[in-house]
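Heads up, the thing below is written out as structure tokens.
The values are calculated or read from the model by the stated rules, or taken from the named source; none is laboratory data. No experiment lies behind these values; they were computed from the predicted model shown. Every residue, glycine as well, gets a Cβ built from its backbone with ideal geometry; the counts of neighbours run over all protein chains shown. With ligands, DNA and RNA removed, areas are computed over all heavy atoms of the protein, side chains included. Shrake-Rupley method; radii C 1.70, N 1.55, O 1.52, S 1.80 Å.
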Amino acid sequence: MAYETIKSETRGRTGLITLNRPKAMNALSQQMMREICQAAEDFDHDGRIGAIVLTGTDKAFAAGADVKEMEAYEYSEAYLQDLWAGWDRLTRVRKPLIAAVGGYALGGGCEVAMMCDILIAAENAKFGQPEITLGILPGMGGTQRLARSIGKAKTMDLVLTGRMMDAKEAESCGLVSRIVPTADLLEETLKIAEKVADFSLPAVLAAKEAVVEAFETPLASGLRHERRLFHASFATEDQTEGMAAFVQKRGPQFKNR
Ligand code: CAA
């Protein structure tokens, strides 16, 4: 499929989506949202793919929703089209989404990174929710996902002051899981994606589903859901293979990858 605002390609068993509006700091237009979601859904349905990486340029993962596009919006327009609800498509992708964040991840950029399952930051990454400086507030999930991810204190600090935080602060508060040298961002992230893609896909999908559930339900039902998925994993040939390989002291050959 031909895209105008992103590049979509495969690297081994990884689907790689690169945001490609460098002159606009990868500002997220409505078209870009649709293209990212379409590319991610295509990889989700592609049997050769086991993980999906989302990245930008070394200057900007994405500097937020496209302010120039939004400037003229009125309330009724935003409300009637349920502005930014289109991103829900990305959150329904079942395969792991890994964000490789270099440079600015601001506003919607930070929010899209948080829709991903693993966040890897380059040393030069900067995160923030500067919407307050524009007279608005985050609208792609920033207040909710940040609060669940890094807690109330830092979320209020970022959302109410609009300040940016660097990669070290983002790692120390748990927004990102690893920091890598800026020049190695894509290579290191692709290695992580390939590692994930090499495991049993049913196990990977169930593991993601169970962790996502932790953000949606009370603990007791999340635990019950996890146990049911865990029980179901014993119905897969990959469980038989994975455990036999461990006992026989060899590497597993998963069939469902
Ligand atoms: N929307 C539209 N265009 C943007 C943009 C955005 N979010 N961010 C940057 N650009 C454009 C600039 O307008 C500029 O275009 P021109 O060359 O045509 O003037 C180009 O990208 C380069 O940007 P700068 O010259 O500003 O580059 P810089 O290095 O001086 O600054 C920056 C970089 C700090 C990221 C700065 O561009 C900036 O502050 N951007 C806006 C950040 C922002 O407010 N994001 C929140 C958007 S609202 C939102 O996301 C709502 C939501 O929750 C859904």
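Residues in region 162-176: is at least one open to solvent by less than 70 Å² (accessible area, probe 1.4 Å), more than 19 Å from the chain's Cα centre (by Cα) and within 12 Å of the ligand (Cβ to nearest atom)?
Yes, because at least one residue in region 162-176 is open to solvent by less than 70 Å² (accessible area, probe 1.4 Å), more than 19 Å from the chain's Cα centre (by Cα) and within 12 Å of the ligand (Cβ to nearest atom).
State all residues of region 187-200 that are touching a Phe, Trp or Tyr at 6+ places or on another chain (Cβ under 8 Å) and open to solvent by less than 50 Å² (accessible area, probe 1.4 Å); if no residue qualifies, say none.
Result: SER200, single match.
Which residue is nearest to ALA147 (Cα to Cα), if the candidates are limited to region 204-250 and must be of a type in the set (Phe, Trp, Tyr) and at pLDDT 95 or above?
PHE230
Can you tell which of ILE179, ILE136, ILE192 is among the aliphatic types (A, V, I, L, M) and within 25 Å of ALA78 (Cα to Cα)?
Testing whether each residue is among the aliphatic types (A, V, I, L, M) and within 25 Å of ALA78 (Cα to Cα) leaves just ILE136.
Spot the failing condition for GLN144; the list is (1) in contact (Cβ under 8 Å) with a residue 12 or more places away in the chain; (2) part of a helix (DSSP H, G or I), and only one is missed.
(1)
Out of curiosity, is MET115 under 27 Å from GLU216 (Cα atoms), open to solvent by less than 20 Å² (accessible area, probe 1.4 Å) and not β-branched (Val, Ile, Thr)?
Yes.
Of the conditions (1) under 20 Å from MET25 (Cβ atoms); (2) in contact (Cβ under 8 Å) with a residue 40 or more places away in the chain; (3) within 19 Å of the chain's Cα centre (by Cα); (4) surrounded by 21 or more Cβ atoms within 10 Å (Cβ to Cβ), VAL180 clears all except one; give me its number.
So VAL180 meets the others, but not (1).
Regarding ARG21, is this residue modelled with pLDDT of 95 or more and more than 18 Å from the chain's Cα centre (by Cα)?
It is true that ARG21 is modelled with pLDDT of 95 or more and more than 18 Å from the chain's Cα centre (by Cα).
If you take the residues in region 1-42 that are among the basic types (Lys, Arg) and within 11 Å of the ligand (Cβ to nearest atom), which one is surrounded by the fewest Cβ atoms within 10 Å (Cβ to Cβ)?
Checked region 1-42; the qualifying residue surrounded by the fewest Cβ atoms within 10 Å (Cβ to Cβ) is LYS23.
Being of a type in the set (Gly, Ala, Ser), farther than 17 Å from PRO181 by Cα and in contact (Cβ under 8 Å) with a residue 12 or more places away in the chain narrows it down to one residue among GLY102, GLY109; which is it?
Result of the check over GLY102, GLY109: GLY109.
Using the structure shown, decide if ASP82 is open to solvent by 20 Å² or more (accessible area, probe 1.4 Å), part of a loop (DSSP other than H, G, I, E, B), modelled with pLDDT under 95 and among the charged types (D, E, K, R).
no
Is one or more of the residues making up region 98-111 assigned to a loop (DSSP other than H, G, I, E, B) and surrounded by fewer than 21 Cβ atoms within 10 Å (Cβ to Cβ)?
no
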